[in-house]
Amino acid sequence: MFDVKDRIARLRLNRSSLLKEKYVSNSPQEQASLFFSEICGMDGMKENLFRALTSELQVNILLLGPPATSKTLFMSTILKKCNNVFYFDAANTTSAGLIEDLYHDRSAKLVIIDEIDKLKRNDLNSLLGLLNDGRIVKVLKNTRYDFTLENVKVFATSNSLSSLSKPLRSRFQEYHLREYSDTEFLEVVCFCLQNKLPAEINEMIGMILLEFGVKDVRTAIGLANLIKNNDSREDVVRVVENWINHKMEGNPDFN
């Protein structure tokens with residue numbers, strides 16, 4: 001008979017700390033703020049993600065939302081600051097698939113999947129088995145994969161829910177990241193660029209992008225990399241408008 005207390009005891013016994021460093025502070029909120037210090041705002045979500053990472057029990061996290069809402073930034077921070085992490089970029093992988101790669105890294109205690117909605121269908125099905133009981137069974141090209149990962153957590157991001165089944169989603173705690181408001185976008189841009197350029201230049205970059213309907217922090221960072229400290233305000237405007245005049249509209253196909 002399945003013993004819940006025994007299961008919890010084994011989880012607590014076997015799980016070593018994922019964090020590379022200890023964050024000594026008076027509260028989980030302060031610890032989370034230190035851990036995610038490179039990310040602006042979203043203090044409540046920072047706390048819950050930090051609690052999930054440090055929990056002795058299995059907690060799986062799914063970050064949902066449109067592009068440029070810091071989903072990948074959260075995951076890259078976790079990847080950098082945690083031990084025994086397996087990272088899989090579902091949108092850009094050239095390998096056979098998630099399960100084949102994971103088979104060769106079975107020491108992982110945390111699996112990070114960026115853009116889980118881009119996973120192959122058979123990988124999504126196998127992932128459900130991992131989330132259920134830690135066991136993965138898959139046959140591919142006459143090779144049978146049958147292995148178990150003990151006490152593993154799964155953190156993932158997704159731009160869409162269309163390819164994710166209800167049973168799969170039910171295994172995650174879901175956190176929805178909405179598009180930034182104009183004020184939030186300016187705040188995040190200034191925060192991310194604070195060590196690159198003077199504050200007034202950082203704000204100017206954000207304001208010009210907003211004027212043209214662009215709320216992509218990565219674009220702001222990329223443009224800031226083109227600007228020098230001794231550039232004039234006119235130089236800054238010209239650099240940003242150079243990009244605006246040549247940015248791609250829609251989703252053209254050049255094939």
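FYI, it's all coordinate maths here, none of it is from the lab. Quantities reported herein were computed from a predicted structural model and do not represent experimental measurements. Using ideal geometry, Cβ is built from the backbone for each residue, glycine included, and neighbour counts are taken over all protein chains shown.
With 31 Å as the limit, write out which pairs from K81/K196; K80/K120; K166/K247 have Cα-Cα distances beyond it, or answer none. Mind showing how you got there, number by number?
Numbers: K81/K196 23 Å; K80/K120 26 Å; K166/K247 37 Å.
Violating the 31 Å Cα-Cα cut-off are K166/K247.
Using only the Cα atoms of region 182-246, what do you get for the radius of gyration and for Dmax, in Å?
That works out to 10.4, 27 Å for Rg and Dmax.
Amide H neighbours of I112 under 5 Å, counting only residues 5+ apart in sequence or on other chains, H built in-plane at 1.01 Å?
Under 5 Å from the amide H of I112: F86, Y87, F88, F155.
Over region 23-65, what relative contact order in percent results from Cα pairs under 8 Å that are six or more residues apart? Display every interim value, and only then the final one.
Working: 29 pairs, mean separation 13.0, N = 43.
It comes to 30 percent, rounded to a whole number.
Go through region 95-186 and name the GluC sites (Glu not before Pro) that are in a DSSP coil and have 13 or fewer other Cβ atoms within 10 Å of their Cβ.
Of the GluC sites (Glu not before Pro), the ones in loops of region 95-186 whose Cβ has at most 13 other Cβ atoms within 10 Å are E150, E179.
What is the Cα radius of gyration of region 78-179 over 2.2 N^0.38 Å, N being its residue count?
Numbers: Rg = 13.2 Å, N = 102, 2.2 N^0.38 = 12.8 Å.
Relative to the rule-of-thumb radius for its length, region 78-179 sits at 1.03.
Add -39500 (n - 2.57) for each DSSP H run of 4 or more in the chain, then divide by its residues: what number comes out at 222 nm, to the nearest 500 deg cm²/dmol?
Values: 11 runs with 111 residues, N = 255.
Value at 222 nm, helices only, nearest 500: -13000 deg cm²/dmol.
If r is the Cβ-Cβ distance from W243 to R144 and R0 is 41 Å, what FRET efficiency results, to the nearest 0.05?
Numbers: r = 51 Å, r/R0 = 1.23.
According to the calculation, E is roughly 0.20.
What is the sum of charges, Lys and Arg at +1 and Asp and Glu at -1, for the other residues whose Cβ falls under 9 Å from the Cβ of K138?
Working: positive: R144; negative: E100, D123, D146.
Neighbour charge sum, excluding K138 itself: -2.
Please state the relative contact order of region 182-246 as a whole percent: Cα pairs under 8 Å, 6+ residues apart? Intermediate results must be reported in sequence, preceding the final value.
Details: 52 pairs, mean separation 22.9, N = 65.
In percent, rounded to a whole number, it is 35.
Using Cα pairs under 8 angstrom and six or more residues apart, how large is the relative contact order of the chain, in percent? Write out the running numbers ahead of the final one.
Values: 334 pairs, mean separation 48.1, N = 255.
For the chain, the relative contact order is 19 percent.
Note the full-extension length gain between L19 and Q58 as 0.36 nm times their separation in residues minus their Cα-Cα distance, in nm to one decimal.
Difference between extended and current length: 12.5 nm.
For N229 paired with L161, estimate the spin-label separation in nm (one decimal), with each label point 7 Å from Cα along the Cα-to-Cβ line.
Simple spin-label model gives 4.8 nm for this pair.
Which percent of Cα-Cα pairs in the chain sits in each 10 Å bin, short to long?
The distribution over the chain is 6, 26, 29, 22, 12, 4, 1, 0, given as percents.
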